[in-house]
Every structure is written in structure tokens, then in C-alpha cells.
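One structure is given here, and the rest of the page talks about it.
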Amino acid sequence: MKAKLFLLATAFILISVKSFAGWYNTYNYTGLVGRYPVTLSFQIKESYFGEPAKKRFNVIGVYKYDKVNHPIRLEGIFNQNTQTIKIYEIGAGNNIAATFHLNFSLQQLTGTWSSSTSKLKVNLRLVDRLSDRSDESFDNIQILQYPSLKNYYFIGIYAKKSQSSEAYMRALKIMDKRTNKTFQTFNFDNIETPTGNLMTIIYDNITIGKGNSFLVSNQIGRVGGYLNVDFNIKEKQFVLDPEPVAEGIN
């Protein structure tokens, strides 16, 4: 089952795992869609994210309504000339459920969210951002992750060491959707190979398994691999296997 979960990603990993330095900026915003508080993060890339059918797409992201806490995938296009972003909300069956039309600035996003039945104003303010385009270090940048479990969602805590070319997930917060409080936190500082920066550095680093089990991407081996997390029903807590599992032939 684990091998199948990563099968679709393998081709992209092969071309990207050693070549991602220097190409992304990620932005975290909070604010309102209509009257609804939301958290939204997206990553801008100079070219598309590996799918030939989406060659114009250079934005990938995730957002949630803060009362629901169910992360929703975003994909779209950043127009550098007009400083505008068109982001598609991806629903069930990978269908477009709604569209954001946004005016981009470092400090604020304004525009509209529209579906087939309604149109709402969007007003979001920047919380923080991270980039691998400089040698500056940073720590404790919290990035909403996609996808999620039935009752839990994830926040990756990202850092970058001085003179390093890449960010990594130094910890993962498992959040209770009902209470919006931290249920459990895993720290990856003692794991030798970097975690949470294999696919697109920030996004697509969680793979959901059966029940409450999930995988977290890790840079082990030639094409990367994962850390395995299961849920102990008796202890009512998640259990991390600290030994990364490599995909493919090393």
C-alpha cells in the first residue's frame, strides 16, 4: 500500500529531488472570504509544477475556513506583469469548485472568490513568508499542509539554516479539527535526512493511508522516501517511526 501511495509521485521526484533550490517563494495570509475567517498559503514558482496539462500553472497552495479546519487544495496562475493571481479551488474528483481572482502584494491580497452560486469579497493580510532565494536563515514558519485526516489537520513548522539552499520541516503539528488546538507534535531534528521538502518543498508532503495512518516525505535515498506514522488506539496518540523508508533502488 505504501509503495502505491508514492507511485504517482515517483516520476516527479526523480527530476526534482536534487534540483529544487532557488525557485520558490511561499506566503501565508489570514483574513476574510466574505464574512468567513480563513487561513491561506501559496507558493509561487517560476515554471509549472510537473504536470504537462498544467504548464501555465505556477502557483500551488492550500486554504481552510477556520471554523471548519478542512484544508482545501489550490492551483493557479500568477501573472507577473499585472501582479494578479487566478487560483482554482480543487474539489472532489479534482474538479474546480471555485475560483479566486486576487490582486497580489506582499502585505495584502484583495479580490473575489466565486463559485457557480455566489461571489464573495476577499481581504487577506500577510502573516509571514519564506523563500530559498537568499542565504538568510529562518525558523518557526508555520505552513498549513494538504491533505488532512477526518478529524485532524497538519501544520508544518519550517526552518532554514544560514547558507543553506533549502528549507525543511523541523516539526509537524497535528491539529484537532473540532477544537483547532494542537493534539500532538512531532519533532524531526534528530532525523538525519531532511523531512517535508521532497515534493514541492512546502506542499504535498503528507500522504494519507488507512484510518489515521499517514506518511511524511523525507529526503532519504536517491529518490526520497517517507516517515511512517500510525495511530495507537489504546494510547490514543500518534506514533512516529523515526527510521525513514527509502523508495526505489538506492
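Worth a mention:
- Yes/no for Ile201 being modelled with pLDDT of 95 or more and either in a loop (DSSP other than H, G, I, E, B) or under 15 Å from Thr26 (Cβ atoms) (or both): no
- Qualifying residues in the range 98-125 (those that are open to solvent by less than 50 Å² (accessible area, probe 1.4 Å) and among the small types (Gly, Ala, Ser)) - the one farthest from the chain's Cα centre (by Cα): Ser118
- Answer residue from the range 141-162, given it is in a strand (DSSP E or B) and farther than 14 Å from Gly196 by Cα and is least open to solvent (accessible area, probe 1.4 Å) among those: Tyr153
- In the set (1) under 19 Å from Lys67 (Cα atoms); (2) out of contact with any Ser or Thr (no Cβ under 9 Å at 6 or more places or on another chain); (3) of a type in the set (Asp, Glu), Glu166 fails one condition alone, (1).
- Some residue of the range 5-26 being at pLDDT below 50 and in contact with a strand residue (DSSP E or B) (Cβ under 6 Å, 6 or more places away or on another chain): yes
- Scanning the range 170-197 for residues that are at pLDDT below 95 and closer than 18 Å to Ser41 by Cα yields Gly196, Asn197.
- Annotation for the range 163-180: at least one member residue is among the acidic types (Asp, Glu), open to solvent by less than 80 Å² (accessible area, probe 1.4 Å) and not in a strand (DSSP E or B).
- Matching option when the condition is among the basic types (Lys, Arg) and either more than 22 Å from Val68 (Cα to Cα) or without any contact (Cβ under 8 Å) to a residue 60 or more places away in the chain (or both), among Lys181, Lys177: Lys181
- Residue satisfying all of: in the range 66-86; free of Cβ contacts under 8 Å to residues at least 40 places away in the same chain and part of a loop (DSSP other than H, G, I, E, B); surrounded by the fewest Cβ atoms within 10 Å (Cβ to Cβ) among these: Asn81
The values are calculated or read from the model by the stated rules, or taken from the named source; none is laboratory data. Since this is a predicted model, take the numbers as computed values, not measurements. Every residue, glycine as well, gets a Cβ built from its backbone with ideal geometry; the counts of neighbours run over all protein chains shown. For the accessible areas, the whole protein counts, side chains as well, though only heavy atoms, and no ligand, DNA or RNA atoms are used. Shrake-Rupley method; radii C 1.70, N 1.55, O 1.52, S 1.80 Å.
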